[in-house]
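Below you'll find the structure, written out as structure tokens, and then a few comments.
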Amino acid sequence: MAEDFWAPVFERLLEDYAFLELVAVDSSENDLISLVKPNRALFARCARFIKKNRVLDKPALAREMLAYSRNDRALRQIILFTWVEKNPQTMKFPTLATDVESESKLLSGAFGSPAKVRILAQIDPRPAARPIYERVLSIISENVAIEDVKPAATEDSAGDEAARNNLAARIAELEKLLESFKVENRQLKKQVEQQRNELTAQSRRIEDFVGRLKKAEYTNQSLENESAGLRSRLAYAEEQLKKASVAVEIRPAVDDSEKLAAFEAEIEALRRAVDNREATIRRLDAEKGELTAKQAIESDKDRQIEGLRRRLTDLESMSQVGPRLAGQLISTHKEPCGQRSWLFMSISGRAIFVEGSLVSRTSLVCEEFAILQLNRENRPVAIESLEADARREICGCVEVCGSDLYLVADSQRYQVMVEIPETSIGLPVRAVWLPEFAERRAGIYRVEVLAQHDRPALVQKTADIRQLRAFFRVSRLNLARLGELLRQQGVEYEISADGQMTFLADYHEVLAPLRMHVKIYRSCKNAACQELAGGEALVREAAAGQTCDFCGCQLPSEAVSVAKTFSGQRVMIFGGDYVGSEYERVLSRYNLSVEWFSGFRSLGELKNGLGRPDLVVVIVRQISHTLLRELVAAVNRDSLPVLYSSRRGISGVLADLTDHFDSRQKNI
């Protein structure tokens, strides 16, 4: 049919909102979601009906869309024309003759369900087709509609009742959390008031300690001066005694016993005075040390009280500026300007967009429940977690099990509920675990790869054939074939006349995903195999016990392997208690200075700290989370080179050490 024939029909139907509601309800969920998501204002209104690309209440979503489309003619056109395009079989009926055969086909369902027939009855403008539609709809109402519509209505009402019950339960739980938050706030105020009183008393004690310390230092200095004077007087008295003894021997015998006795008594008194002064000095030094330690403890308490004061100030400012909403962080996306924003859904169904900078100040993750603070203009100004005590921070490695990802830590497995890059699999990571709550499942909702603090990151976009061979760990590399593989994977690059490849980013990051998709062939030293290997992109020499990919021969295994000898590097190993001190005994054979420390002790037991080792090795599969957090903070603070090893065997650790120091030697 001509387009001008349908134009007035569609123009009339675009103003019939009851008809458009039938069309929207009959449309698929994916079509409705694809119409809602690009429109930010419409998505904010309809977000409560959509959960993880699934429509919770389709009739309610259709009504909300039509209410919004009253001021958006383009949206009404898209709803109608999308249905017309997705139902070509139904739209064929207006092209057929209005006879008994067409009526029987329409009644048999050849042109769609009863819902589609009702929509078609309002679209078809032919007067001759009107009696056919009336008869067919009458029959459908008597036979099919009762069995089709009523169960659907019952299911919808049951679904609505379940949704209301779930929402009421969530509201009750969040109200309890909010009430507990208020109680904690009041308790915190009382604690801060007590801390203030303690701070005043501690300040007085500190002033007293400082005064006593200064007085002790002054007394100590005076006693040292007096002791020095007494020593000089003692030395002078001894010298005079010697002279007197010599004079007595020279002069005729004179009875000077009384003088000698007086000198000896004075010398003895001076010695006792010196001993007393030295004992007093030692006692004052001990008191000085005790006062210094007490002053350090009081300083720590002062810092804690200052932190409580700041938290109380933040809570008081939050309680004065505007309303607070309890809800959940639903999703995040990037704005056209490049900034990231979050969608916050309150327990009452109110959708609010929160700036990413506001969320980044906290440790909140997606799906976490929080309190959102609004100002008087209803703009978000602060956000705080409601699950700070329930969430856990876990360190471990991510592994693949079937189609799911799991975080493995301390022989326990936690399912990863968010998408992560493939490059993070097998690496040591720090993750955030949230418990089961309402409709959210328990699992990992944030994954961060632990940084390897080895050296400053250098961006190397250009690599020659030697660097490429080292990166892929191959003995032969065909640049032409490698270029074909890169083009097949959609990797952009440029190659110069001297065989250097230049990429758009660091070549390590660009080529790392290629290792999972490109086959690396193994070749023996047979001339025919070497000739065939020249036509492949990446070829590695077959090691002992491996099979050649060209001739199928297996190389004999070697009984003894040659181990690398190092140059006396100092290595500190934490964790791996299953192997323990064997690390020191075995690895010292390779000219390494190895110190092993248990993975279940505190870092504070090291009296001299970590020092400046050449490398810190962390065995992540056998170490406590407390020590791991202390090590991460220590290596960040002192900028120490660190290697997180997922292997605990001596041969595996030795291989990691070899790769680490070899890569450092190549980069020097």
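Of all residues in the stretch 325-355, those that are part of a loop (DSSP other than H, G, I, E, B) and surrounded by 13 or more Cβ atoms within 10 Å (Cβ to Cβ) total 2. Every test in (1) closer than 20 Å to Gln569 by Cβ; (2) in contact with a helix residue (DSSP H, G or I) (Cβ under 8 Å, 6 or more places away or on another chain); (3) modelled with pLDDT of 80 or more is passed by Glu630 save one, and that test is (1). Looking across the stretch 421-445, the residues that are open to solvent by less than 20 Å² (accessible area, probe 1.4 Å), among the hydrophobic types (A, V, I, L, M, F, W, C) and under 21 Å from Lys52 (Cα atoms) come down to Val432, Leu434, Ile444.
Restricting attention to the stretch 9-39, the residues that are open to solvent by 50 Å² or more (accessible area, probe 1.4 Å), without any contact (Cβ under 8 Å) to a residue 24 or more places away in the chain and either of a type outside the set (Lys, Arg) or touching a strand residue (DSSP E or B) at 6+ places or on another chain (Cβ under 8 Å) (or both) add up to 6.
Screening the stretch 625-651 for residues that are in contact (Cβ under 8 Å) with a residue 12 or more places away in the chain and loosely packed, with under 15 Cβ neighbours inside 10 Å and picking the one that is nearest to Ser581 (Cα to Cα) gives Gly649. Only one of the numbered conditions (1) of a type outside the set (Lys, Arg); (2) at pLDDT below 85; (3) open to solvent by less than 80 Å² (accessible area, probe 1.4 Å) is not met by Glu207, and that is (3).
Residue pairs whose Cβ atoms lie under 6 Å apart, sitting 6 or more positions apart in sequence or on different chains, and linking a residue in the stretch 369-381 that is on the phi < 0 side of the Ramachandran plot to a partner that is among the basic types (Lys, Arg) and open to solvent by 40 Å² or more (accessible area, probe 1.4 Å), are Ile371/Arg324; Gln373/Arg324. Being at pLDDT 85 or above, open to solvent by less than 40 Å² (accessible area, probe 1.4 Å) and closer than 16 Å to Leu486 by Cα holds for only one residue in Leu504, Leu538, Leu514, and it is Leu538. Here Lys52 fulfils each of the conditions (1) open to solvent by 60 Å² or more (accessible area, probe 1.4 Å); (2) under 28 Å from Ser331 (Cβ atoms); (3) at pLDDT 85 or above apart from (3). Take Asp656 and tell me if it is touching a residue at least 24 places away in the same chain (Cβ under 8 Å) and over 27 Å from the mean Cα position of the chain (by Cα). In short, no. Comparison of Leu120, Leu107, Leu177, Leu75 shows that the only residue that is assigned to a helix (DSSP H, G or I), within 30 Å of Asp389 (Cα to Cα) and modelled with pLDDT of 80 or more is Leu177.
Scanning the stretch 59-91 for residues that are aliphatic (A, V, I, L, M), over 44 Å from the mean Cα position of the chain (by Cα) and open to solvent by less than 10 Å² (accessible area, probe 1.4 Å) returns a single hit, Leu80. Would a scan of the stretch 480-488 turn up a residue that is surrounded by fewer than 18 Cβ atoms within 10 Å (Cβ to Cβ), more than 16 Å from Leu468 (Cα to Cα) and not aromatic (Phe, Trp, Tyr)? The answer is yes, given that some residue of the stretch 480-488 is surrounded by fewer than 18 Cβ atoms within 10 Å (Cβ to Cβ), more than 16 Å from Leu468 (Cα to Cα) and not aromatic (Phe, Trp, Tyr).
If only residues of the stretch 585-624 that are open to solvent by 40 Å² or more (accessible area, probe 1.4 Å) and touching a residue at least 60 places away in the same chain (Cβ under 8 Å) are counted, the one that is nearest to Thr658 (Cα to Cα) is Tyr590.
Does Val418 fit the bill of being over 30 Å from Gly327 (Cα atoms) and either of a type in the set (Gly, Ala, Ser) or surrounded by fewer than 17 Cβ atoms within 10 Å (Cβ to Cβ) (or both)?
The answer is no for Val418.
The values are calculated or read from the model by the stated rules, or taken from the named source; none is laboratory data. In this text, all values refer to a predicted model and were calculated from it rather than measured experimentally. With ideal geometry, Cβ positions are generated from the backbone for all residues, glycine too; neighbour counts draw on all protein chains shown. Accessible surface is based on the protein model in full, side chains and every heavy atom, while ligands, DNA and RNA are left aside. Shrake-Rupley method; radii C 1.70, N 1.55, O 1.52, S 1.80 Å.
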